[in-house]
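Visitor: First the structure, which I've put down as structure tokens, then a few questions once you've had a look.
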Amino acid sequence: MSTNIAALRVEGVNISFGGLRALNDVYLEIGKNEVVGLIGPNGAGKTTLFNALCGLVTPDSGKFFLDGKEQDFPQTSNLVDLGIARTLQGVGLFGDLTVLENVMVGAQHLAHSGLISAALGRSGKDEKEIRTRSFSALERVYAGGLANRRADTLSYPDTKRVAIARALVSEPKILMLDEPAGGLGSQDIEWMNLLIRNLSASMSVLLVEHHMDVVMSVCSKLYVLNFGEVIASGSSETVRRDPAVMAAYLGTGA
Amino acid sequence: MSLNVSNLTVHHGAICAISQVSIAVPTGTLAAMIGSNGAGKTTLLRTLSGLKTPTNGSIMWKGEKIIGLKPEALVRRGISHVSEGKSVIPELTVRENLELGAIWRRNAKESKESIDQVASIFPRLGERIQQRADTLSGGERQMLAIGRAIMAKPQLLLLDEPSLGLAPLVVEQIFQTIRDLTTSMNLTVLLVEQNAMGALKIADLGIVLNLGKIVAINHAQALIDDPAVRAAYLGY
Amino acid sequence: MHKKQSRDIVLFILGGVVLYFLSGVVDELRVYQGATIAVYVIAISSIILLTGYSGQVSLGHGALMAVGAYAAAVAHIELKLPIILCFVIAVLASAVGGALLGAAAARLSGPYLAGTTLALAIGLPSLANQFGVLGGEQGLLFDVGFPPLSLGEEFTQYKWFFWIAGLAALISMWAIKNILGSRYGRTWRAIRGNDVAAQLCGINIARSKILAFTISAGIAGLAGALLSMTIGTVSPSAFPLALSFSLLTGAVLSGITTLAGAMIGAVVLVAIPEIADVVAHRIGSSERVTTNLPGFLVSALLIVTVLFVPNGPVEQHRARKAKHLASQK
Amino acid sequence: MDLLNTFLIGITAGTIYALMAISMVLVWRSTRVVNFAQAGMALLSTYFGYEAVTRLESFWIALPVAMIGGALVAALVEMILIRLLVKHSTSGPIAGVAPIIATLGLLGVIRSISAMIWGGQDLRIVGPVSNDGFTINATTLVFSPLKLLILVTVLVLMLILSVIFQKTNIGLALRASAYAPEIARLSGIKVDWVRTLGWALAGATGAVAGMFQTVNGNGTLSPDSIEFSLLLVSGFIAAVIGGLDSLIGAVIGGLVLGLMISFVLMYVSSGLFFIAPFVILLTILFIRPQGVFGAKAARRA
Amino acid sequence: AQAAEVGVSSSEIKLGMTLPMTGTASLGYNKIPGAAKAYFDYLNANGGINGRKVTLVVKDDRYVPTEAVAKTNELILKDKVMALLAPLGTANNKAVAASVNPARRGIPVLFVNTGFSGFADTKKYPTTYTVLPSYIMEAKIMGQYIKDNFAGKKIGLLYQDDDFGIDALAGFKTAGVNFAVKVPYASGSQSAAAAAGWITKFKAAEADVVILFGVSSATSAMLGVAAQLKYAPQWMLGSVGGDATTIKLTGVPAGVLYNAIGFSPVPATTDMKDEYVKLFSDIYAKAVPGSPFDLNVLLGMNTAFMTAQALKAAGPNPTRKSLMAAIDSKGATFANSALVPAAYSQTSHVGLTGYWVGKYSPTGDLAPVGGTYVTYTTDSGAGAVVKSTYVRPAMPAKGLPN
Ligand SMILES: Nc1ncnc2c1ncn2[C@@H]1O[C@H](COP(=O)(O)OP(=O)(O)OP(=O)(O)O)[C@@H](O)[C@H]1O
Ligand SMILES: Nc1ncnc2c1ncn2[C@@H]1O[C@H](COP(=O)(O)OP(=O)(O)OP(=O)(O)O)[C@@H](O)[C@H]1O
Ligand SMILES: [Mg+2]
Ligand SMILES: [Mg+2]
């Protein structure tokens, strides 16, 4: 059955920085329309794995499968074409662009007109298309009203929405979110939960998050990293009760 | 009364971020301040540490009026502020970042001891001591920021969302550390948190801020039990 | 969208008509200065594109102008091409130069880029001494010829320069405006804001930066060719370090991110020495003071500008208006 | 013999470039500003030194006078100009350009003021010791007591600065203030004072470079002198080669530049004076875009 | 009444000048306007030219061609000067000629301050008049001197790698001088460190005679460092960089210059027996007290003096045309301080055509060997170098044009 083919799979990923082994033989699989959580203590290597999947770090070794086909780890600027989008652990908006422009940058690849026609002022059609798409991406995160604000005047929760809209506008098949709920108040966290669940109808989501409420409520599968190794994986419920995970990460309170 | 804020009003240009706030935090008290995004929590802390000048009101610390004093002067009066969002200097090493915390005391030996202390609280930092801070993970940077504040041996500790980006286990640990430090060193702490439940659990005093105004101030446990607070800030 | 485009075109044509009539009424010196202003407008725009939009600093644009100027002169003298083609060649040649420099520059940040371009500004012009075709220190003549007779007996050489430079300025400003308003401009601003995020949006940073350098250099090359048209020769000493610096100054005076301000910067660059001369002679007491006062005034103006109007008068005005509106609400 | 002399020429020129580069590094470290007026400030300090020499007739008094003068000028510039600059243009593309423009403007202001006060003509400063080359076996080396003195002084200065930076917290405070003023403030560092101190140190170092460049040349000084123009460009290029953040880097950068130029002029062509630094700089930055001793951001996300 | 010429009114004749007043290239040359003005003031105080005062508008071009063009335009279009006087520098003059094109407007460019031979081309520069002997002439005369006095010796040459140097190389080639070593330098690079390098090269080639054919700062750097390195070949200094006063001001000990060979078209500036030097230095000392009287001053005043005669010769109501016609017909006979003939004629706008050879005294001043001026003359082409028989006409009374 074709649905069994994972949207994204990596195996045997190794990364070290100097003497430091940041990732050790890591594997991971995300099914279509699945929300997978990647959790683990600080410095376990979660962001590093994200970076490897995004071409920001080159793994020392490892295999990368997209839709079941093995290929090289992606180059950052190719991500969009591969159908992968990602948000950053910080927020990373373009401060002096408007919200709409921010999202439009994410839709860059839709433009086909070249420099000459841009210089002649003939890229209007492209622009219109990008604008429409960007606007609907903003609507999707309920941020349509912010379109003309400068990004650096937004409130913190709003910046998170816009960052997600910017990732969404390229209509990725795989969306990677790095701590989307970090720093949000309880109401916004609930909103984020809802959004992620809705998104999973049309894409796979890989999520790094320390907020266990979020993780537990949206993820169907979890991978736990510790010191660069996968120490547990499986359904959220099993992982949660895994004593090793509790000792390394969750503690008693969760 | 050790920290005494009365009728404090702070503006960002035309925006009024804090209006008519009065708080008293006795010595040795851990006060947790919660409130939704944009409530003005960060602004309040920045005013207390001298980074921002208020429009109106007064701040007394240990019986002295401190409005108008510069942050570097306030550090010498025992006020230490861990600002929001991983306030580390990426270009410096972990050790240098820590040393920075103790720099005003000009005592190399004490500084070394403090580093050992921080390393025992956050072993991860001990392992990374020679690395540049920009190699650290998000959570490690947060540890480093807190570590720097501890290095300063403060009497009033202002913490802005220290749990941001930390793993649950570490959050628990940090909260516990803050609690222990408060008690053992007779610290006064103002802890701003989005993790309202965690913060209130360890706090003596709870403060709820909304749209720049105080909407509730009470024993922490009382706030936890308050159904209105529970609904709005604790998520259940 | 399209409405805006056609409005732009109408505006630019209107601008051309105004310039046309202006050239008829003012005296010859002003016409000549007008031509210089037009040249500066183009050169400053190229800096605004590079620095204000793509965030790369160049202290060596004078050298890129030299590349364009030499290319035009060589094309004119050796290949005997018609003058308009010479200008096209100037753009292409300096764009190639810009692409090469840009490829090196894309890896460099802030002061390292400044250092490299500074060295370029010093080194490149003296390279001309090493090649015979470039005419050594005395350079090459670059004569665009007399105005066509059909324009009448009265039509002076300077007016002809002014027309050519003015038309070039209008066209290039229009093209730059379009580029900056398109996805290219947006991309550059995005990279400047956060390069990792831009990369994740599918932008090839190096390629984008090189493109900015290439376009900027091409425009600078056009300005260089026009500049050498107004002085009639191309020589290394026509493109000194001071030229690169004054372009940057002009860009700051214009507002480094406001293309519309390029006019202001250019006018100031041309007018200031004259004004400073007048002031110096009015207040100067001794010979020592009067000769050095203009230099002092120009430098002091620079400092005052970056201190108090760092984003340029246009942007300043815009910000003040926005603030005013906000406080009324 | 040629080889030795070429080497010696490069070394002495290089040590003075190194000194200038050090002063640029100090400014960069304390405020993240590339100071194009550094050579101008050195010129002004040297004029102070000239005033002292003509009145007191001792180079050894004039040198500290120049250093103190240089430190004061630099401190004033930091307090008045740079502080405002940092306040007004912190963000956006202007932040990268404003310091360049401001310091270029300052250079112009200093030059014209010097010309107004001291006139355009050459003024003389006599060096403390002879600049006549040492003679060995009847051949005269391009190395003199004065050049030896310069070499030693630069080394000593280097050492003093390194000790200040290693043994005290000033180095850390400088860097913290430059990279993250707010965090530095919250750590109890008097950021304004530290930045001023950084500039003052740079001003004093630049004054030494200016005094030495003057006596090592023909002993004359004028607002438009070639020696000072060279100091401006070479000091900056040396600092960039070294990596702008590192004192050692500045010294290596200065020496590398001095030696390479000397050898190119000697063995390739003496007409390549302005092309050589460009090629050297490009080559080094091509291999290491952040300079020899500069550090690069280790991780981006 | 007849239409008056631009820049000429009933009471005034206005002339314009651009040259580097500030900046690296200004050293020495920025004294020229003061010198010229000093003479014109003297002239005006003594009745001017037929009752008209001669005024000089000076603009600073910082030695940048674009500035020179802009400032010249101002002079012509705004200040409305009658003629341009003594603009300095090859590149600047070329830029001005190409862009401002004074020729097409019929504006005379009197006595350009450069020895570049190209400006003698009357087809290209029909209104331009040179005054200094060309660099080619100088090199040829030097070459002749070398043949006569240093046959078989190893010769070294320091030159600027631009037009200036190219002219020099051309002259030496015509004269048939073979160099053991040639050292070019880039303009603006003449520092002490660079000079040490040049010396190393000359030493390596074991040059006996070293010709310094560069600007003053190059000569100074070279001689200063040579003194430190105890390097003392037979020096031969070109006139451009050979002004003793300027060299000594840059700190070169006078002793180093001793016995060096030098060339000049005008008398030695210390030669107070010379009537021109005497008069000019008196006028200058009164006008600009405290400023030393050097070659730049002498040349500047000489230029002003020649200009005055040209204006006088141009008739009661001088026009641009009559001014140039006057030089063409009578220029060769204009009294002036130079000890060599001028070659102005209907077909040539070439000024002075030769040099006298002298040696520097122990105090570092150029003086004729044995007290008498021995002058040579030649052209910029293939013509031979010959001993000149030119006898300078006596100075008109009080140094005023007659
Ligand atoms: N460029 C680098 N050089 C050296 N060490 C690095 C580098 N990048 C990452 N590391 C180290 O690798 C480890 C993994 O970092 P990573 O950012 O992946 O952690 P994380 O799981 O995302 O943690 P957090 O939850 O705190 O964000 C950390 O200990 C970090 O210090
Ligand atoms: N530098 C600033 N300029 C203008 N307005 C500001 C500035 N900083 C904060 N504000 C505004 O002041 C108000 C209070 O902000 P503050 O950062 O203090 O809130 P907070 O409670 O810390 O929020 P969060 O939980 O998101 O950190 C907000 O409306 C914010 O938009
Ligand atoms: Mg992380
Ligand atoms: Mg906050």
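The values are calculated or read from the model by the stated rules, or taken from the named source; none is laboratory data. Here the structure is a predicted model, which is why all the values come from computation and not from measurement. Cβ sites come from the backbone with ideal geometry, for glycine too, and all protein chains shown count toward neighbours.
For every residue, the table says whether it meets (1) surrounded by fewer than 21 Cβ atoms within 10 Å (Cβ to Cβ); (2) at pLDDT below 90.
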residue	(1), (2)
D:M67	no, no
D:M79	yes, no
D:I110	no, no
D:V129	yes, yes
D:A138	yes, yes
D:V152	yes, no
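Visitor: Identify all residues within region A:70-100 that are of a type in the set (A, V, I, L, M) and either assigned to a helix (DSSP H, G or I) or more than 8 Å from every other protein chain (Cβ to nearest Cβ) (or both); write none if there are none.
Guide: Correct list: A:L79, A:V80, A:L82, A:I84, A:V91, A:V99, A:L100.
Visitor: Could you check region A:14-51 and list, in sequence order, the residues that are part of a loop (DSSP other than H, G, I, E, B), closer than 30 Å to A:S202 by Cβ and either at pLDDT below 90 or more than 6 Å from ligand 1 (Cβ to nearest atom) (or both)?
Guide: Within region A:14-51, A:G31, A:K32, A:N33, A:E34 qualify.
Matching residues to (1) assigned to a helix (DSSP H, G or I); (2) modelled with pLDDT under 85; (3) away from chain E (no Cβ under 14 Å); (4) under 29 Å from E:E74 (Cβ atoms):
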{"residue": "C:K4", "(1), (2), (3), (4)": "yes, yes, yes, no"}
{"residue": "C:G24", "(1), (2), (3), (4)": "yes, yes, yes, yes"}
{"residue": "C:I37", "(1), (2), (3), (4)": "yes, no, no, yes"}
{"residue": "C:G55", "(1), (2), (3), (4)": "no, no, yes, no"}
{"residue": "C:L85", "(1), (2), (3), (4)": "yes, no, yes, no"}
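Visitor: Being more than 7 Å from chain D (Cβ to nearest Cβ), at pLDDT 85 or above and assigned to a helix (DSSP H, G or I) is true for just one of C:L100, C:L120, C:L124. Which residue is that?
Guide: Result: C:L100 is the single residue among C:L100, C:L120, C:L124 that is more than 7 Å from chain D (Cβ to nearest Cβ), at pLDDT 85 or above and assigned to a helix (DSSP H, G or I).
Visitor: Pairs only if they're at least six apart or on different chains, beta carbon under 8 angstrom, first in region A:168-196 and under 24 Å from B:R230 (Cβ atoms) and more than 9 Å from every other protein chain (Cβ to nearest Cβ), second within 16 Å of ligand 4 (Cβ to nearest atom) and β-branched (V, I, T); list them, first residue then second.
Guide: Here the result reads A:A181/A:I189, each pair linking region A:168-196 to a residue that is within 16 Å of ligand 4 (Cβ to nearest atom) and β-branched (V, I, T).
Visitor: I'm checking my understanding of the structure. Among residues of region C:128-154 that are within 8 Å of chain E (Cβ to nearest Cβ) and at pLDDT below 75, which one is surrounded by the most Cβ atoms within 10 Å (Cβ to Cβ)?
Guide: Among those that are within 8 Å of chain E (Cβ to nearest Cβ) and at pLDDT below 75, it is C:N129.
Visitor: I'd like the residue in region A:124-134 that is surrounded by fewer than 24 Cβ atoms within 10 Å (Cβ to Cβ) and more than 7 Å from chain C (Cβ to nearest Cβ) and, out of all such residues, is nearest to A:T58 (Cα to Cα).
Guide: A:R133
Visitor: Another question, if that's okay. How many residues are assigned to a helix (DSSP H, G or I), of a type in the set (S, T, N, Q) and in contact (Cβ under 8 Å) with a residue 24 or more places away in the chain if we restrict to region E:41-75?
Guide: Result for region E:41-75: 3.
Visitor: To continue, here is another question. In region B:11-29, is there at least one residue being over 13 Å from the mean Cα position of the chain (by Cα), within 14 Å of chain D (Cβ to nearest Cβ), closer than 27 Å to D:D192 by Cβ and away from ligand 4 (no atom under 16 Å from the Cβ)?
Guide: No: zero hits.
Visitor: When you scan region E:222-235, do you find a residue that is over 27 Å from E:T270 (Cα atoms), within 14 Å of chain C (Cβ to nearest Cβ) and at pLDDT 85 or above, even just one?
Guide: Scanning region E:222-235, I find no residue that is over 27 Å from E:T270 (Cα atoms), within 14 Å of chain C (Cβ to nearest Cβ) and at pLDDT 85 or above, so the answer is no.
Visitor: Of a type outside the set (A, V, I, L, M, F, W, C) and under 24 Å from E:T246 (Cα atoms) - does that describe any residue in region D:80-93?
Guide: Checking region D:80-93: not a single residue is of a type outside the set (A, V, I, L, M, F, W, C) and under 24 Å from E:T246 (Cα atoms).
Visitor: Residue by residue through region A:101-123, note down the ones that are of a type in the set (G, A, S) and either facing another protein chain (nearest Cβ under 7 Å) or farther than 22 Å from A:L82 by Cβ (or both).
Guide: A:G106, A:A111, A:S113, A:G114, A:S117, A:A118, A:A119, A:G121, A:S123, listed by residue number.
Visitor: Could you tell me which of the residues B:G101, B:G38, B:G57 is assigned to a loop (DSSP other than H, G, I, E, B) and either away from ligand 4 (no atom under 16 Å from the Cβ) or over 17 Å from D:A176 (Cα atoms) (or both)?
Guide: Result: B:G38 is the single residue among B:G101, B:G38, B:G57 that is assigned to a loop (DSSP other than H, G, I, E, B) and either away from ligand 4 (no atom under 16 Å from the Cβ) or over 17 Å from D:A176 (Cα atoms) (or both).
Visitor: Are there any pairs, at least 6 apart or on different chains, whose C-beta atoms fall under 6 Å, with the first in region B:38-50 and over 20 Å from A:P157 (Cα atoms) and more than 12 Å from chain A (Cβ to nearest Cβ) and the second more than 8 Å from ligand 4 (Cβ to nearest atom) and of a type in the set (D, E, K, R), and if so, which?
Guide: What qualifies is B:R46/B:K52; B:G50/B:K70.
Visitor: For region A:144-172, which positions are away from ligand 4 (no atom under 16 Å from the Cβ), assigned to a loop (DSSP other than H, G, I, E, B) and under 20 Å from C:K323 (Cβ atoms)?
Guide: A:N148, A:R149, listed by residue number.
Visitor: May I ask you to list pairs of residues, at least six apart or on different chains, whose Cβ atoms are under 6 Å apart, with the first in region A:23-37 being in contact (Cβ under 8 Å) with a residue 12 or more places away in the chain and the second being among the charged types (D, E, K, R)?
Guide: Qualifying pairs under 6 Å: A:N24/A:E229; A:Y27/A:E11; A:E29/A:R9; A:V36/A:K221.
Visitor: While we're here: Within region C:172-179, is even one residue touching a Lys or Arg at 6+ places or on another chain (Cβ under 9 Å), modelled with pLDDT of 85 or more and outside any helix (DSSP H, G or I)?
Guide: no
Visitor: I'm checking my understanding of the structure. Among residues of region D:190-234 that are of a type in the set (F, W, Y) and at pLDDT 90 or above, which one is surrounded by the most Cβ atoms within 10 Å (Cβ to Cβ)?
Guide: D:W199
Visitor: For region A:143-162, does any single residue satisfy the condition of being more than 16 Å from the chain's Cα centre (by Cα), modelled with pLDDT under 90, of a type in the set (D, E) and more than 23 Å from B:G40 (Cα to Cα)?
Guide: Within region A:143-162 (the criterion being more than 16 Å from the chain's Cα centre (by Cα), modelled with pLDDT under 90, of a type in the set (D, E) and more than 23 Å from B:G40 (Cα to Cα)), the answer is no, since none of the residues qualifies.
Visitor: Counting just the residues of region B:39-53 that are within 7 Å of ligand 2 (Cβ to nearest atom) and polar (S, T, N, Q), which one comes out nearest to the chain's Cα centre (by Cα)?
Guide: Looking at the filtered set, the residue picked out is B:T42.
Visitor: Also: Restricted to region B:178-198, and to residues that are among the aliphatic types (A, V, I, L, M) and farther than 23 Å from B:Q117 by Cβ, which residue is farthest from the chain's Cα centre (by Cα)?
Guide: Looking at residues that are among the aliphatic types (A, V, I, L, M) and farther than 23 Å from B:Q117 by Cβ, I get B:M197.
Visitor: Restricted to region E:346-366, and to residues that are assigned to a strand (DSSP E or B) and among the hydroxyl-bearing types (S, T, Y), which residue is nearest to E:S117 (Cα to Cα)?
Guide: E:Y355
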